[in-house]
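The values are calculated or read from the model by the stated rules, or taken from the named source; none is laboratory data. This one's a predicted model, so the numbers in the text were calculated from it and none came from an experiment. Glycine gets a Cβ as well: all are built from the backbone with ideal geometry, and neighbour counts include every protein chain shown. What goes into the accessible areas is simple: the full protein's heavy atoms, side chains included, and nothing from ligands, DNA or RNA. Shrake-Rupley method; radii C 1.70, N 1.55, O 1.52, S 1.80 Å.
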Amino acid sequence: MTAAVKFIPDGMHTITPHLVCAGAAEAITFYKKAFDAVELSRMPGPGGKLMHAAIRIGDSVVMLTDEHPEYGNLGPLALKGTPVVIHIYVPNVDAFFAQAVAAGAAVRMPPADMFWGDRYGQVTDPYGHHWSMATHTHDYTPEQMAEQMQKTMPQHAQ
């Protein structure tokens, strides 16, 4: 008798980002430099475009594909932006942020201490995807967060 197939494969999580990039192969190279990504798989398709690829950043898998307009798959550059931000927790956000910028990411928000207890910053990769990154530095109760928010963002005070 064969073992039952798991509905989530080993090494995967319930939610996995699947990025569409104009130049997915180049994006993999960028993610290796910027985020210490490890390439897990690559499936080339017709015309040299990637049909599917997977990388691991930290303990999480990110899937990638090239743009395929014929299937309605367009990346953020073709769409002129994205409302999505992919978040990464790291041990040292300042070093990780500097590494991403040195690899070619554009600064959206330099790392700073935030009212919710993270040191947090944001970049945009060369393929138009937004990434936030943080190191958790304080455990605050909801009441403490509200107090910290009022101190740092008075326009949000009630």
Q | Magnitude of the charge dipole, the chain, Cβ model with Lys/Arg +1 and Asp/Glu -1, debye to 20 | A | 300
Q. Pairing the Cα long axis of helix 93-103 with the longest principal axis of the chain, what angle in degrees results, from 0 to 90 and rounded to the nearest 10?
A. 40
Q) Can you tell me the Rg and the Dmax, both Å, for the Cα atoms in the chain? A) 18.4, 64
Q | Of all accessible heavy-atom area on region 26-117, the percent that carbon and sulfur account for (1.4 Å) | A | 60
Q: Taking the chain as the reference, fit the longest principal axis to its C-alpha atoms, fit the long axis of helix 24-35 to the helix C-alpha atoms, and give the angle between the two in degrees, 0 to 90, nearest 10.
A: 40
Q | Residue-normalised accessible area of the chain, expressed per residue, 1.4 Å probe, Å² | A | 60
(Q) Roughly how far apart, in whole Å, are the Cα centres of region 70-111 and region 1-66? (A) 16
(Q) Under a Cβ-only charge scheme (Lys and Arg +1, Asp and Glu -1), can you give me the dipole magnitude of region 33-117 about the Cα centre, in debye to the nearest 20? (A) 160
(Q) I need the trypsin sites (Lys or Arg not before Pro) found in region 1-75, filtered to DSSP loop residues with at most 16 other beta carbons within 10 Å of theirs. (A) Lys6, Lys49
Q) Out of the DSSP beta bridges found with both residues in region 80-158, what percent are antiparallel (nearest 5)? A) 70
(Q) Semi-axes of the equivalent ellipsoid for region 75-158, please: Cα gyration tensor eigenvalues, times 5, square-rooted, ordered largest first, whole Å. (A) 27, 16, 10
Q | All-pairs Cα distance distribution in region 8-77, expressed in whole percent, bin size 5 Å | A | 4, 17, 28, 25, 16, 9, 1
**Q.** Counting DSSP beta bridges with both ends in region 1-144, the antiparallel % (nearest 5)
**A.** 75
**Q.** Rg and Dmax [Cα atoms of region 90-132; Å; Rg one decimal, Dmax integer]
**A.** 10.1, 30
Q.
Counting other C-beta atoms within 10 Å, and keeping those with at most 12, which DSSP coil trypsin sites (Lys or Arg not before Pro) do you find in region 67-126?
A. Lys80
